[in-house]
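The values are calculated or read from the model by the stated rules, or taken from the named source; none is laboratory data. Because the structure is predicted, anything quoted here is derived from the model rather than measured. Glycine gets a Cβ as well: all are built from the backbone with ideal geometry, and neighbour counts include every protein chain shown.
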Amino acid sequence: MEFLLLILSGKQLNHLIKMLKGVIFDMDGLMFDTERLSSKMWHKILTKYSLPINEKFIISIRGLNFKSSKELFYKYYQTDLEFKKIKDEKNQMVFDYIISHGIPVKEGLYELLDFLKKNKIKIALATSSSRAVANKYLELAGIDSYFNAKVFGDEVSKGKPDPEIFLKALAKLQLTCDESIVLEDSKNGINAALSAGIRPLWIPDGVYFETKAKRLKSLKEVIKEF
């Protein structure tokens, strides 16, 4: 399925889009400009604990759930420090900033959600963030009611790039992979969508990588795909 997604012609892709009944959204870096903020806080927390700042680690951790993040952390850092303590502290710094300054919404998000709702296209969230954090962000942005289904990072045993989170989102939407697309910004997310057999659209968030997924400049451009 992944191979077929990559070799479809433009005409075939347009036909595929016409069949769409569902769109699955990532959250951090896609809907909200939180990845840059998270990177900034990683710098602060690593410095606090006298750990070297490794940009490759900070980029690679994007899109991963807690379990996968923990494994990656100890791959890069040979330390006895507890990862959960460091991660929780970093997340709290991000959360406190957002509570004080508001949630930074990406360009085109509201327009896209309105378009999908108007056209009766189901909407799902598939985020590596926890249920508590994700629901709070959706509430702050005023968009919680748009989502027909949600899958959180603390609900899956394997994080992205494993396809589990997207397959669960499909099941909740009661749709097939051919009836849906995934919107992602991270390499882990794109690869997870391809592994699930779902066509991804890539909206980069300042980090670029090799992929054959179609690249768009903003969420607003997704509307043109219909």
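Quick one: in the stretch 201-217, which of the residues that are touching a residue at least 40 places away in the same chain (Cβ under 8 Å) and within 23 Å of residue 58 (Cα to Cα) is surrounded by the fewest Cβ atoms within 10 Å (Cβ to Cβ)? Filtering first and then ranking leaves 206. Considering each residue of the stretch 15-24 in turn, at least one proves to be at pLDDT 95 or above and within 17 Å of residue 202 (Cβ to Cβ). Inside the stretch 41-60, residues that are among the basic types (Lys, Arg) and under 13 Å from residue 89 (Cα atoms) make up a count of 2. Of all the residues in the stretch 97-141, those that are touching a strand residue (DSSP E or B) at 6+ places or on another chain (Cβ under 9 Å), surrounded by fewer than 16 Cβ atoms within 10 Å (Cβ to Cβ) and among the charged types (D, E, K, R) number 2. Taking (1) among the β-branched types (Val, Ile, Thr); (2) assigned to a loop (DSSP other than H, G, I, E, B); (3) over 19 Å from the mean Cα position of the chain (by Cα) in turn, residue 103 satisfies each apart from (3). Within the stretch 84-119, being under 14 Å from residue 222 (Cβ atoms), aromatic (Phe, Trp, Tyr) and either touching a helix residue (DSSP H, G or I) at 6+ places or on another chain (Cβ under 7 Å) or not assigned by TED's automatic domain parsing to the domain that holds residue 170 (or both) holds for one residue alone: 115.
Within the stretch 21-32, residues that are over 16 Å from residue 153 (Cα atoms) reach partners that are polar (S, T, N, Q) with beta carbons closer than 6 Å, at six or more positions or on different chains, in the pairs 22/180. Does the stretch 55-74 include one or more residues that are surrounded by fewer than 19 Cβ atoms within 10 Å (Cβ to Cβ), out of contact with any strand residue (DSSP E or B) (no Cβ under 8 Å at 6 or more places or on another chain), under 24 Å from residue 225 (Cα atoms) and not aliphatic (A, V, I, L, M)? No. Filtered by the rule that a residue be of a type outside the set (Gly, Ala, Ser) and crowded, with 17+ Cβ neighbours inside 10 Å, the stretch 155-171 gives 156, 160, 161, 162, 163, 164, 165, 166, 167, 168, 170.
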